[in-house]
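The values are calculated or read from the model by the stated rules, or taken from the named source; none is laboratory data. These numbers were taken from a predicted model, which means no experiment stands behind them. Reconstructed Cβ throughout: ideal geometry from the backbone, glycine too, with neighbour counts over all protein chains shown. The area values use the complete protein model at the heavy-atom level, side chains included, leaving out ligands, DNA and RNA. Shrake-Rupley method; radii C 1.70, N 1.55, O 1.52, S 1.80 Å.
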Amino acid sequence: MHAYLGRMGVPAPPPSAGGDNGGFLFVACVMTVAPASAPVVAPRALHALALALAGDPFYRAVSVAAGEHAGQRAQLLEAYFQLALDEAAQVGEVHSHGADGAALWLTREAGPRAIAVAQAVRSQALQPLLGPQGYQTYTDICSAMAAQVPAALDGAWYLSILGVHPAARGQGLAQRLLAPTLARADRVGAASYLETFNPLSLPFYERLGFGGAVECREPVTGRAYWLLVRQPG
């Protein structure tokens with residue numbers, strides 16, 4: 001995981017299967033693609049990301065400043081996702097569907113200088129947002145996960161964040177949000193990768209061409225997660 005870690009979540013299991021992440025949900029859609037100069041994502045889509053990812057171990061850990069107040073956590077995470085969206089719009093790609101969800105990618109195409117500037121801007125804003133403990137946790141988790149990313153993936157595209165509103169479940173939105181960038185990766189010959197804390201999501205990503213799942217252990221949260229890689233088709 002690179003230092004500009006955005007953290008993606010995972011598609012939620014069916015209600016009967018349990019799971020603690022609040023849900024990535026799926027719906028047929030017409031998507032908005034945000035160009036780097038003008039990200040077009042409805043504020044309610046940020047709320048959808050907060051609802052979908054509030055239970056993810058990473059987001060629980062970095063939002064410690066909110067305590068156990070669900071409303072405060074949602075507000076903090078919405079601000080976090082706005083910063084992540086701004087970064088992805090500058091040095092990656094953003095796809096959204098109204099208020100239902102969004103996918104944020106870091107594609108490495110902007111070049112080292114632009115990436116470094118985007119990272120610095122986001123890092124500066126995250127410190128007051130997360131507070132001392134939350135920001136330290138953020139940097140510790142980023143460092144631990146970065147150490148698990150193979151050097152061969154240094155130039156690969158990274159799926160930073162994927163989330164869908166819980167009310168939009170079961171109609172294919174997550175796959176539709178990912179499809180444009182995966183198709184473009186195939187056209188330009190770019191590898192891509194992701195991490196997920198939810199083993200129930202592995203079949204979903206494997207259907208999209210991700211594979212070689214490697215189980216890792218994140219020491220700050222003590223949770224297992226999986227790193228998957230997709231080679232261009």
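Things to note:
- Just one residue in the set A116, A52, A110 is outside any helix (DSSP H, G or I) and either over 13 Å from the mean Cα position of the chain (by Cα) or surrounded by 23 or more Cβ atoms within 10 Å (Cβ to Cβ) (or both); that residue is A110.
- Yes/no for S96 being under 19 Å from P180 (Cβ atoms), of a type in the set (S, T, N, Q) and at pLDDT below 95: yes
- Residue in segment 203-217 that is farthest from the chain's Cα centre (by Cα), counting only those that are surrounded by 17 or more Cβ atoms within 10 Å (Cβ to Cβ) and part of a helix (DSSP H, G or I): F204
- Residue pairs meeting the criteria (Cβ under 6 Å; at least 6 apart or on separate chains; first farther than 17 Å from L53 by Cα, in segment 82-107; second of a type in the set (D, E)): T107/E93
- Residue match in segment 123-133 (condition: within 30 Å of G172 (Cβ to Cβ) and not in a strand (DSSP E or B)): no
- Scope segment 160-179; condition in contact with a strand residue (DSSP E or B) (Cβ under 9 Å, 6 or more places away or on another chain), hydrophobic (A, V, I, L, M, F, W, C) and open to solvent by 10 Å² or more (accessible area, probe 1.4 Å); matching residues: A179
- Here V229 passes the criteria (1) under 24 Å from V62 (Cβ atoms); (2) in a strand (DSSP E or B) except the one numbered (1).
- Here A88 qualifies as open to solvent by less than 20 Å² (accessible area, probe 1.4 Å), touching a Gly at 6+ places or on another chain (Cβ under 8 Å) and of a type outside the set (D, E).
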